[in-house]
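Derivation of every value follows stated rules applied to the coordinates shown; laboratory data play no part. Since the model is a prediction, treat every value here as computed from it, not as a measurement. Heads up, the Cβs are rebuilt from the backbone with ideal geometry, glycines too, and the neighbour counts pull from every protein chain shown.
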Amino acid sequence: MKNLKIALSHLFSQNGKNFIFVTDTQSLYELDEDIYAVLKAIHDTEDKLVPPSTFDEGTEEELLACHVLVNADDIREDRRRVPEDFIPQIRVGNVLLQIANDCNLNCIYCYGSGGSYGRKREMMSWDTAKKAIDYMVEHCADQERLLVTFFGGEPLMNFPLIKQIIAYCDEIRAKTGKKFSYSMTTNGTIMNDEILDYIKRYRISTMVSMDGPKSIQDSYRCYENGCGSFDKIVPNIEKLKKVRGNHLTVRSTVCRPDMDMCKIRRELLALGFTNVVMSPVDTDPDSPLFVGGEYSKDLIESYRKLAEELVEEAKKTGRIDNILFSKAVESIYNRAQKIRSCTAGRSGFAVGSNGLIYPCQRFMGMEEYAVGDVDSGIDPEKIKVYFHATVVEKESCPDCWAKYLCGAGCVHTAVSQTGDPMKAPLDYCETYRTIYEIGLYIYSELKAFDDSFFDKLFKPTKQEVVC
């Protein structure tokens with residue numbers, strides 16, 4: 001006798017349609033009303049066991065073939081658990097350099113304390129930068145292409161060091177054959193012909209931090225004296241687009257009370273940006289800008305409206321112009337299982353202006369989370385936790401239907417909200433589960449619009465993605 005249960009999954013309704021998303025296979029199915037009602041009733045029980053004769057033989061076999069139903073006796077523990085005695089090998093494929101521990105702006109939500117990260121304001125020295133580059137080259141294993149990101153504060157306050165770093169990487173390339181790519185996050189206020197020439201010549205992938213139209217930008221992203229930055233940035237947008245091949249990405253931080261993502265996105269596109277990345281502010285729950293907790297419903301509603309707009313645009317352009325949704329949809333298309341959210345603490349690291357090495361830039365200034373320094377290198381014991389922080393081991397992740405879309409979430413957010421990288425911030429998790437549900441809706445709508453839509457948009461990999 002079969003001992004059947006409903007697989008780890010998510011049942012939801014959207015715009016009059018009923019769906020089930022099966023976690024292990026990353027598959028989305030539309031259900032008729034009757035099947036949905038029966039599955040929902042069983043799914044809401046604690047053990048999710050299917051009573052005998054619930055479905056006729058044909059329906060049962062179909063649900064088994066789709067892995068909606070599974071044999072409870074066949075469920076096995078995930079074998080991707082990292083052994084407790086595991087000692088990680090140091091491998092560095094990308095390094096973020098905080099070349100300026102200072103900023104010319106004083107954004108009101110800045111997690112970096114106005115660019116200083118709670119330390120004295122300073123520029124990274126050439127000696128520190130050189131040691132960081134050397135360390136990456138020495139510990140990149142067989143990686144041929146390496147990534148260097150210029151970060152701050154505002155990195156262009158230390159443009160001379162950017163030139164030194166690039167020149168040194170050119171020397172290394174000539175000697176070793178290693179190829180370097182460069183990226184930079186800038187507030188867009190410091191720009192001249194020499195900087196533009198470097199961005200073009202070395203193909204520096206440039207993201208501009210800008211929150212929206214003048215009223216929003218000048219409220220959140222202002223100078224120390226309170227003056228807004230909008231009028232300073234706007235003339236530089238077209239210049240940057242020209243050197244970036246008419247492609248320019250902007251990152252907008254969404255804060256309360258200005259949470260209308262559709263409006264903000266349209267305003268930024270109108271200014272000349274071609275790709276708009278939008279992220280909720282990561283700030284203290286007591287902040288008047290905080291978008292979680294009781295305000296998360298407003299954030300979700302904004303995401304729902306954005307999704308509707310993105311779907312209609314995608315039908316015309318063949319693209320999904322939102323990195324959060326496009327990555328989620330791509331994972332569903334490729335049925336990929338992402339067990340980690342990023343490379344932080346594993347192959348990607350941030351080096352502070354003082355030479356301390358952190359799992360990522362969000363940890364800079366949190367010296368208790370430093371994993372080494374440019375003189376002594378990375379301590380394998382201090383990065384072990386980032387190998388364990390997966391959907392297999394992280395608290396609350398194993399039973400979450402969205403785990404392979406999320407990849408266990410941001411480790412810094414876990415630390416900042418729970419004090420433990422292995423714990424899951426419940427409010428954060430609930431918000432993102434709803435966001436991923438919206439992503440599933442986008443997938444279903446575009447698949448129904450054109451069955452080959454995603455074949456044209458994504459390169460199929462059909463492999464497990466573990467970052």
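The protection proxy used here, the mean number of other Cβ atoms lying within 10 Å of each residue, ranks peptides 201-214, 67-80 as follows, highest first: 201-214, 67-80. Computed over neighbours whose Cβ is under 10 Å from that of Q143, the net charge equals +2, Lys and Arg +1, Asp and Glu -1. Here the Karplus relation 6.51 cos²θ - 1.76 cosθ + 1.60, evaluated at θ = phi - 60°, turns the backbone of region 389-397 into coupling constants of 6, 10, 5, 6, 10, 6, 3, 6, 6 Hz, with x for every Gly and Pro. In this structure, the pairs whose alpha-carbon distance is over 21 Å, taken from K130/K179; K327/K456; K130/K384; K263/K305, are K130/K384.
With viscosity set to 1.002 mPa s and temperature to 20 °C, compute the Stokes-Einstein D of region 28-96, Rh being the Kirkwood radius across alpha carbon pairs; µm²/s, no decimals. Estimated diffusion coefficient is 135 µm²/s. The residues neighbouring E171, those whose beta-carbon lies less than 12 Å from its own, together hold a net charge of +2 under the Lys/Arg +1, Asp/Glu -1 convention.
Across the chain, Cα pairs under 8 Å and at least six residues apart give a relative contact order of 16 percent. Kindly state, to the nearest 0.05, the FRET efficiency for E367 paired with Y223, given R0 = 25 Å and r defined as their beta-carbon distance. Efficiency computed from Cβ-Cβ geometry: 0.30. Shown is the FRET efficiency for S13 and K327, computed with R0 = 41 Å from the Cβ-Cβ distance and rounded to the nearest 0.05: 0.95.
Go through region 1-59 and name the trypsin sites (Lys or Arg not before Pro) that are in a DSSP coil and have 14 or fewer other Cβ atoms within 10 Å of their Cβ.
Details: sites: K2, K5, K17, K40, K48; in loops: K2, K48.
Taking region 1-59 and a limit of 14 other Cβ atoms within 10 Å, the loop trypsin sites (Lys or Arg not before Pro) found are K2.
Prolate is the label for region 1-60, because the ratio a/c of its alpha-carbon gyration tensor axes (a ≥ b ≥ c) is 1.5 or higher and a/b is greater than b/c. Relative contact order for region 1-76: 39 percent, from Cα pairs under 8 Å spaced at least 6 residues apart, divided by residue count.
Quick check on the chain: helices-only [θ] at 222 nm, where DSSP H runs of length 4 and up contribute -39,500 (n - 2.57) each and the sum goes over total residues. Nearest 500, please. Show your work: numbers first, answer last.
Details: 15 runs with 176 residues, N = 467.
-11500 deg cm²/dmol, from helical runs alone.
Across region 426-439, rounded Karplus estimates of 3J(HN,Hα) from the backbone phi angles (6.51 cos²θ - 1.76 cosθ + 1.60, θ = phi - 60°) give 4, 5, 4, 4, 5, 4, 6, 4, 5, 4, 5, 4, 5, x Hz, Gly and Pro being marked x.
For a modelled paramagnetic label at D298, 7 Å from Cα along Cα-to-Cβ, the residues of region 236-275 in reach, with backbone nitrogen under 18 Å, are 253-265. A simple spin-label model places the labels of S125 and D78 4.4 nm from each other, with each point 7 Å out along Cα-to-Cβ.
I need the calculated FRET efficiency for the pair Y168 and E313, taking r as the beta carbon distance and R₀ as 45 Å, to the nearest 0.05. Numbers along the way, then the final one.
Values: r = 43 Å, r/R0 = 0.95.
Computed FRET efficiency for Y168 and E313: 0.60.
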